[in-house]
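Values quoted throughout were computed directly from the atomic coordinates according to the rules given, and no laboratory measurement underlies them. In this text the structure is predicted, and so the values were computed from the model without any measurement. Cβ sites come from the backbone with ideal geometry, for glycine too, and all protein chains shown count toward neighbours.
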Amino acid sequence: MAKIKKKIKTIKVDADKCNGCRGCEIVCSAFHSTPRYSTINPARSRIQIIRHPLKDVWLPIFAGEYTPAECMGREKYVIDGKEYDECTFCRATCPSRDIFKEPDSGLPLKCDMCEDEPPLEQPKCVEWCLNDVLVYEEREEEVEESVEMEKVETGLVSMIDKYGLDKVAEAIARISQKD
Amino acid sequence: MRYGETGYNLEIDLATGNIERVETDPKMMETHLGGLGTSVKLHWDRVPADVKPFDDENMLIISSGVLNATPAFSANRTVVTFYSPESDLLAYPMMGGFFSAELKYAGYDKVIFHNKSPKWVYIWINNDKVEIRDASHLVGRGALETQDLIRMELNQPNAQVAAIGVAGENRCFTASIEQGRSSASRLGGGAIFGDKKIKAVAVRGTQDINLYNGEAFMKEMKDMMAYINFRNTNPIPDVMTILSGIGSPQEMVHTDEKWHTENFMWGNARTRRRGFWDEKINEEWPRTQLEGIKRLISCFNCPQHCGALVAYKDTPRYMAKCFGKLTYAMAAYVDSMDFAWRTLQKATEYGVDSFSTPQILAFAVELIEAGILTEKDLKAGPTWPACPTDKEGRFLWLLDRVAHREGIGEILADGVYLAARQIGNGAEAFDHNTIKRHEQLPLKLGTMDPLYYLMYATNEKISITQIEGNWPQGAFPTMEQREAFVKDWPQLPDDSWKQWLLEWEPRGEKAIPYFPTIDMCCHIVDWMEMLHNIDDACCVCAGMSSFCLKPPYHIHNYPRIISAATGLDLDEASLKKIVNRSRNLHRALNNRRGMSRKDEKPPQDHWKRRFPEIEENLMSAYYTFKGWNQDGVPTKERLNELDLGYVAEDLEKRGLLKDGQD
């Protein structure tokens, strides 16, 4: 397979600096609303601050891939004496929990690094974090070319998981006929 | 579609259990904006003037403002309104934190409580689903403890919870409503919660808030972000550290407390301790403060660090902010930051205001020392020991009695003013630091300051920190410093005012009490109050606006920001008119409850050097400037200008406005 250059986008999270303001959640939901900045709803944000103030837990987590099934087991971390809830560090949109799902439809959310045309200098959450918790970094890596699952496909898979293949297929057929 | 606001209030009748989601009139935003403005209007319309604080009819409103839940920086206040058991006037303590945004995401601008519950309850608002739940198992629990217990019980880690502690349950007049690192503290909101048997209100919301012009709104915020960054890296020179930055007082960040401990009064606002901050204290207090602070934290959508998670030695964890760090130690004359951290934890769980409560306790200590409170007041009770004799033990014993309304605490829990009159036997003379029955900042100064005179006397909040802010607290000594300060001061409503600051001297004819002149004072105080009123309608933190020097929010950008959020077509004049309308309605409401010029007096010993003639002229001129008659009641002309003809009619019927007083 051919080698291609791939841009790796990283948000470095210095969680110790987080003051828990949730500005990242706000701007994320605003940026991803349609029309842009028309609505605000942190529940739609692709970044969530996991908060347990008295336990000194303020942890920004980004939405990752959708998964139709839970893991076989769960992990629980204790770091520097702080016990984190089960699956805290996991980025998946997963049936085991409510985060990273559209509150109305339950459809999965995924951080897209605020891809835009023209491209932004940095994702909105990074721009909006005035405490340098989130720092954006880019680098290039040489990787083997592969076909990545498109957003549409991810959405379809989750719809199939939720409603079953037959119903989704019927809906698509029906919509096609209308066209 | 509604913009900025949700367009719905939640109306809860605690007596019947009836809960209604009620659509609000969009016109209310045009006339009263939101937050405090619309809440005052609801109190005027619905609550009869003669309702007593503990009557069923004393409605309590928890309100968000028009900018909460939007990307507006630091728009995170929640305003609670009710007739105060302490002042008997309409109180509006505010808390920061995360509650108001969550409430709007749940789909409500306000929660309005009517009547009283027959048993202890908490309210669970989860978007469209609202329940009144049994809280009998939470009675006696701490205010902070209760919040986590409710989150666990509901399995809702992201719910925001406002709760009372034991002091609220016992209807202490300085009981607070606590919420995370914040609290609505002044004037006894916790007591009204307790009277209505509301232990807590929990809310979780996952719905949208709409912006009218999101692109324009975000442009304003982007400009503000640049300014916040600038201010955070460029503190104002030549002012005390606490005034040099933005945000609420950065009491958790700053460890050098020489200024507070040597300029504020210790005990019952009694002793100024020059030289207190010596070498030993300068080492011990900052070390102990830092030992207690686990992390600096903020409120919703605010980049500042006004609060802290406190994890001090074996003390249960809690969150703190502002001046509460020092108030208990200073009131108790205890030279120990260790005592301060420990006592604040206890007080936070009890749920008491950390400004007024320590003064009540210090007042009691003075009465003990003067022999007015005697052994019979300090003896053991059925469930508590006798009062210890050491300073620390005595102070904590008094705090316990007040929070539980036990023994002498039953009287002290009504606040200094009312307790002094109940105790009698000379106790009244020890009530020397209250205005309108409310304990003031423990500060006693030299020469009467005309700006502060007006602010202390006339503001409806009855608390200096809720009206001061944008104008420097004192004249700069050198012209060079003054010129540097005015050079970059776009927040001023009028550039010509810069000259006032340039001419203002620390001493002499161009110094207090003569300068700023009476006319200048009227303009400056009115401007500062107006900004607070805008903040309170938007529920923006005063720390980023009206309470600090050169803030991010000001009269020139506010109209654009509110217009972009709400769709209202506002300019400076129309915005001022709206908040003036609400401010005058608030005043009329308090006039209707008996407040007038006779009540508008700073404490007699607040300044050593008083100037009765200047003070009288100042008050008269300010009343005229505000459009009030010489009793402090808005005139018919003023009310009509503000489309408040119905208020004038009401005041006339009550004989508060008479013919010819326009």
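Structure values in brief
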read-out: Mean-position separation - Cα centroids, the range B:126-159 and the range B:171-231, in angstrom; value: 18
read-out: Sites matching trypsin sites (Lys or Arg not before Pro) across the range A:33-111 that sit in DSSP coil, with at most 13 neighbouring C-beta atoms within 10 Å; value: A:Arg36, A:Arg74, A:Lys76
read-out: Which of B:Thr81, B:Ala143, B:Thr389, positive extreme of dipole for the protein assembly as shown (C-beta unit charges); value: B:Thr389
read-out: Max mean-square fluctuation residue, GNM over chain A, Cα-Cα springs under 10 Å, options A:Ile99, A:Ile26, A:Ile79; value: A:Ile79
read-out: Residues with amide H under 5 Å from that of A:Thr93, placed H, sequence gap 5 or more; value: A:Gly64, A:Glu65, A:Tyr66, A:Thr67
read-out: For the range B:309-463, size of Cβ-based charge dipole, Lys and Arg +1, Asp and Glu -1, in debye; value: 320
read-out: Lysine pair number, Cα distance threshold 27 Å (strictly under), the range B:326-443, separation 8 or more or different chains; value: 5
read-out: Between helix A:151-163 and chain A: long-axis angle, C-alpha atoms, 0 to 90°, nearest 10; value: 80
read-out: Label point at B:Leu443 placed 7 Å out along Cα→Cβ; residues across the range B:510-547 whose backbone nitrogen lies under 14 Å; value: B:547
read-out: Loop-resident sites, the range B:433-542, for GluC sites (Glu not before Pro), counting at most 12 other Cβ within 10 Å (DSSP); value: B:Glu509
read-out: Dipole-positive endmost among B:Met28, B:Ala269, A:Cys71 within the protein assembly as shown (Cβ charges, Cα centre); value: B:Ala269
read-out: Listed residue pairs exceeding 24 Å between alpha carbons, taken from A:Lys82/B:Lys104; B:Lys219/B:Lys550; A:Lys76/A:Lys124; B:Lys510/B:Lys608; value: A:Lys82/B:Lys104; A:Lys76/A:Lys124
read-out: Relative contact order computed over the range B:445-653 (Cα-Cα under 8 Å; 6+ residues apart), in percent; value: 27
read-out: Listed residues B:Gly594, B:Thr635, B:Thr624: farthest to the positive end of the dipole of the range B:565-662 (Cβ charges); value: B:Gly594
read-out: Two-site FRET efficiency, B:Asp45 against B:Gln630, from Cβ-Cβ distance with R₀ of 22 Å, rounded to 0.05; value: 0.20
read-out: The range B:583-644-the range B:49-110 distance, computed between alpha-carbon centres (Å); value: 25
read-out: Out-of-range pairs (alpha-carbon distance over 19 Å; input A:Lys101/A:Lys162; B:Lys110/B:Lys196; B:Lys119/B:Lys196; B:Lys461/B:Lys626; A:Lys101/B:Lys110; B:Lys461/B:Lys601); value: A:Lys101/B:Lys110
read-out: Distance from the range B:473-522 to the range A:67-99 (C-alpha centre basis), Å; value: 58
read-out: Kyte-Doolittle at least 0.0, axis length at least 27 Å by Cα - qualifying DSSP helices, chain B; value: B:518-538
read-out: Chain B, relative contact order in percent, only Cα pairs under 8 angstrom and at least six apart counted; value: 16
read-out: Radius of gyration and Dmax over the Cα atoms of the protein assembly as shown, both given in Å; value: 27.6, 96
read-out: Simple Cβ-charge dipole of the range B:238-336, Lys/Arg +1 and Asp/Glu -1, about Cα centre, in debye nearest 20; value: 320
read-out: Net +/- balance of residues flanking B:Trp500 in space, Cβ distance below 13 Å, scoring K and R +1, D and E -1; value: -2
read-out: Dipole magnitude of the protein assembly as shown about its Cα centre (Cβ charges: Lys, Arg +1; Asp, Glu -1), debye to nearest 20; value: 1120
